[in-house]
Amino acid sequence: MNITVLMSEVYPLPAVRGGAVETLVNHWLDSHEDAPDRVNLAVVSRYSYEAKNRSRVYTNTVFHWVVPLPFGRFWVRFRRKVFPNAPVYPLYLNFAMRKICRTAPDLIIIENRPEFVLAVRLRFPKTRIVLHLHNDTLNEENKLGTQIVHALDQILCVSAFIQKRVLTIVGVTPEKLAVLPNVVNLNQFSFQTRLLSERPILAFLGRLSLFKGVTVLAKTFLRLKESLPQLHLWFAGSSGYRGSREDQTIRSLKKSLSQYSDSVKFFGFVPQNSLVGLLRQASVLVVPSLWDEPAGLTVLEGMALGIPTVASRRGGIPEYLSEKEGWLYDSDSEAQAIDELEKVLTFVLTHFENALKKADLARTTVEQKFSAQDYWSRLLGVLEIG
């Protein structure tokens, strides 16, 4: 069987520039290398020099590259202006579908781009098409939702939360949907015995944006600093998907924390190979999202490392982190989130031995349920491919 994975136009695969979607699909490539199946795997990805070099280590996967064009965004804007009622697809998709034709696919997996589905179905009317959905972008609010779902043979969701959101579309049947949970590489995120240092560190990993709750964490830190003067706060991440530019959110964040500049660090985007070393220095990983997170990849990484993990009870996070393995708090508003997070962090930092016991259970949970080792076989199982 020929399976072709169509990546988005944002990041390349292999995941040399990060990206949660790319990191997860990279686990497919890794586990497929030693898989005893008869699947011919092909990937259509945005080109990058680093990704092409990294791809040479994969002998069981064929890569097809789409070189980004500098005028691609202008073309999309022009089409939207001239033909406002017509669907407009990025040039990336047009070139990507030409690459897909070369793979003679029996199955096409579209990664997290519902807006690609109708064009791909039109081009490949008889091919089985599956959408691997990572974000809450296919629901009753999507004007083309019904058409997109009907054009698909199956939808793989990263959480039951995302699955429920897709089911809000009129006419969707549960039989077309399945949950394929996120995973983490346990060899990379290996467990390590921990102790609370003299300068406890709160760590945040992800996009530095308001909906990720960075201001909640900053304001909570300022409160905690009064009773815990040795407390430190680290931010690992940038403001957007394409680099480490500093926007108004980051500037405001730095200004609000300027009185404790010696205790606060902004690392910007951290490559995957440097991330583990940074996280291992943290005392607590905080995921303070104010929006409904589709799933908990960052949560899983903290759990795998044995770091006490605190997260808001939003979206799909509770499907990965329970009260047995970490701490969840309510965040219906920013004020509530700050109050609840302060209580939880105060308890964790003052009862750190108990926190480490929960962290041990969290690592065990990841080993049992969320290991990347058999991610490829799980995918084939959900797709019912023997």
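Tabulated data for the structure shown
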item	result
Cut-off 11 Å (backbone N to label point 7 Å along Cα→Cβ of ALA160), residues of segment 301-329	318-320
Helical contribution to [θ] at 222 nm, DSSP H n ≥ 4, -39,500 (n - 2.57), averaged over the chain, rounded to 500	-11500 deg cm²/dmol
Exposure proxy order (Cβ contacts within 10 Å, fewest to most) of TRP65, TRP291, TRP327	TRP291, TRP65, TRP327
GNM flexibility winner over the chain from VAL170, VAL264, VAL39 (Cα, springs under 10 Å)	VAL170
FRET E, pair VAL62, HIS351, Förster distance 51 Å, beta-carbon r, rounded to 0.05	0.45
Candidate lysines for bridging to LYS126, where Cα separation is under 20 Å - those fewer than 8 sequence places away on the same chain excluded	LYS99, LYS176
Exposure proxy order (Cβ contacts within 10 Å, fewest to most) of ASP360, ASP30	ASP360, ASP30
Within a Gaussian network of the chain (alpha carbon springs, distance under 10 Å), most fluctuating of ALA104, ALA335, ALA119	ALA335
Theoretical FRET efficiency, 1/(1+(r/R0)^6), r = Cβ-Cβ of THR364 and LYS143, R0 45 Å, to 0.05	0.55
Mean separation of Cα contacts under 8 Å (6+ apart) over length of the chain, as relative contact order %	15
For segment 201-369: Kirkwood Rh in Å [reciprocal of mean 1/r, alpha carbons]	15.8
Fluctuation leader among PHE161, PHE78, PHE347 - the chain, Gaussian network, Cα springs under 10 angstrom	PHE78
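Bear in mind these aren't lab numbers, they're just calculated from the coordinates by the rules spelled out. From a predicted model like this one, the values you see are computed outputs, not experimental measurements. Because the Cβ atoms are built from the backbone with ideal geometry, glycine has one as well, and the counts that use them run over all protein chains shown.
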